[in-house]
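The values are calculated or read from the model by the stated rules, or taken from the named source; none is laboratory data. This is a predicted model, so every value here is computed, not measured. All Cβ positions, glycine included, derive from the backbone under ideal geometry; neighbour counts span all protein chains shown. Note: accessible area is taken over every heavy atom of the protein model, side chains too, but ligands, DNA and RNA are not part of it. Shrake-Rupley method; radii C 1.70, N 1.55, O 1.52, S 1.80 Å.
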Amino acid sequence: MTQRLEQALIKLYNTFHNDELNPECCSACAVGNILDNDDSWKDFSIAHGSLKLTYVGSVHQKSGKTFNGYAPLEILQIEKVFLEACGFKLPLCHYNPKPKNVRNKEILFNGLSAVVSFLCELDGISNVMDYSKIFEYEKENPVYKFEVVY
């Protein structure tokens, strides 16, 4: 696992369980939390949820600058994945549809699950939330054995 992925997962885990995740706030959304609650990343895009880089975003992207390990375009992609998985129509604005309760745990979990999958994809590793491996079997026997403790 890469350092940037590990750090992002820790931040997202803590944010989710501390009820500090807010898709409508640039410093408290998925990217805002990955970037230590800094909202300056919003200047990379023309609209919240858009993949179109502004001049500022393009300069950082072309210069190879990263923010907690993520390039500006990756940051915008992460946020787009998060917002769409939470049920927002993008770009995020007052007239586009959104979930009734944007702080609903199930909605936020769906958003974070999509983000974790995407972060793993960016780093070329298997999705850390994919639990299907524990159900693998060969010749009617489980591949992985777990000790059940009561």
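Legend: helices of the chain (whole DSSP H runs) are marked when their alpha-carbon atoms reach 18 angstrom or more along the helix axis and their mean Kyte-Doolittle hydropathy is at least 1.0; marked are 105-122.
Highest mobility in the GNM of the chain, judged by mean-square fluctuation with C-alpha springs under 10 Å and restricted to Glu84, Glu106, Glu136, is found for Glu136. Excluding ligands, DNA and RNA, the accessible surface per residue across region 80-150 is 76 Å² with a 1.4 Å probe. Eigen-decomposition of the gyration tensor built on the alpha-carbon atoms of the chain gives equivalent ellipsoid semi-axes of 31, 19, 14 angstrom, largest listed first. Residues Lys52, Lys11, ordered by accessible area of protein heavy atoms at a 1.4 angstrom probe radius and largest first, appear as Lys52, Lys11.
Taking Pro99, Pro72, Pro23 in turn, the Gaussian network model of the chain (Cα-Cα springs below 10 Å) assigns the largest fluctuation to Pro99. Considering only lysines 8 or more places apart in sequence, or on different chains, count the pairs in the chain whose C-alpha atoms sit under 25 Å apart. Summing the qualifying lysine pairs gives 28.
So what's the convex hull volume per residue for the Cα atoms of region 69-150, in Å³?
Working: hull volume 14.0 nm³, N = 82.
Value for region 69-150: 171 Å³ per residue.
So, with +1 on the Cβ of K and R and -1 on the Cβ of D and E, and no other charges, what is the size of the charge dipole of region 1-132 about its Cα centre, to the nearest 20 debye?
Details: 12 positive and 15 negative charges, 79 e Å.
Around 380 debye, computed over region 1-132.
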